[in-house]
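Peer 1: Please find one structure pasted underneath; my questions will follow.
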Amino acid sequence: MEVEVDEKELKAAGAEPLTDGRHGLRIHGWEIESRKRSILKSSTLELWEKKLETYHMPEMVFGDSCLALKHVKSGFTIHFNAFDALVGWKKEALPPVEVPAAAQWKFRSKPSQQIILDYDYTFTTPYCGSETVKFDADKLEGGEISKDTCNLHWEDCNEKIDVVALASKEPILFYDEVVLYEDELADSGVSLLTVKVRVMPSCWFLLLRFWKGYPSEDAAYNDPSIISQRLPVIMHKTQKLKVPDNV
């Protein structure tokens, strides 16, 4: 999805592109930036394996790619990256998904041809994003901000995303989609973790989605939007980010 942004629309919304070669924009006190890089080199991948204490990794890990949303005044940043997502996969430690092909691998006649799957090879993760806070030292010393007053936090709520507002015909000021990791499941399907963001004058909408698909004549099984409607809801959690009034 390519989005052509009119400079007049940016200016009218109080937004401006990021500088220094960064891809994104600054709007209403937030810096929204996406970085898309190539897959990790083998040397870096080995370091990740040591940190994660595993020899199993997705076929394509875009370790230097990320999406970040920074609240400039507080230094609070929400970001999405492959390493933290894989940390979630490792901690979750789900059993391997049983598919016909996997069963055949287990019962091959020759032991040398048997493949024992003792880990979640789909790399399913409960990852919901990462957070960091970097305070401006000068502002702290000058008393403009304090660590207590700049403490943004999440709290549970009953509010829902305003779908009607998202469907309104506001101009899209910025859009991007970043793939964090991908695996073709030994040609038996696909496992994919992506994050995308859409920025409008009144709000921004972000979607982090992990999904699995497999080859089928039924196109529905290759569309996460459709297949999600056929799956049971295991957990549903709604939270909102609280920003202090002085920030």
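Peer 1: Can you tell me how much longer the chain between residue 207 and residue 134 gets when fully stretched, taken as 0.36 nm per residue apart minus their C-alpha distance, in nm with one decimal?
Peer 2: That pair, residue 207 and residue 134, stretches by 23.9 nm at full extension.
Peer 1: Okay, next question. Given labels modelled 7 Å from the Cα in the Cβ direction, how far is it in nm from residue 170 to residue 242?
Peer 2: 2.4 nm
Peer 1: Still on this model: Order of 45-57, 81-93, 230-242, 122-134 by packing, highest average Cβ count within 10 Å first?
Peer 2: Going by the mean number of other Cβ atoms within 10 Å, highest first, we get 81-93, 122-134, 45-57, 230-242.
Bear in mind that the values in this text are calculations on the coordinates, not laboratory data. Quick caveat, the model's predicted, so the values are computed rather than measured. FYI the Cβ positions are ideal-geometry reconstructions off the backbone, even for glycines, and counts take in every protein chain you see.
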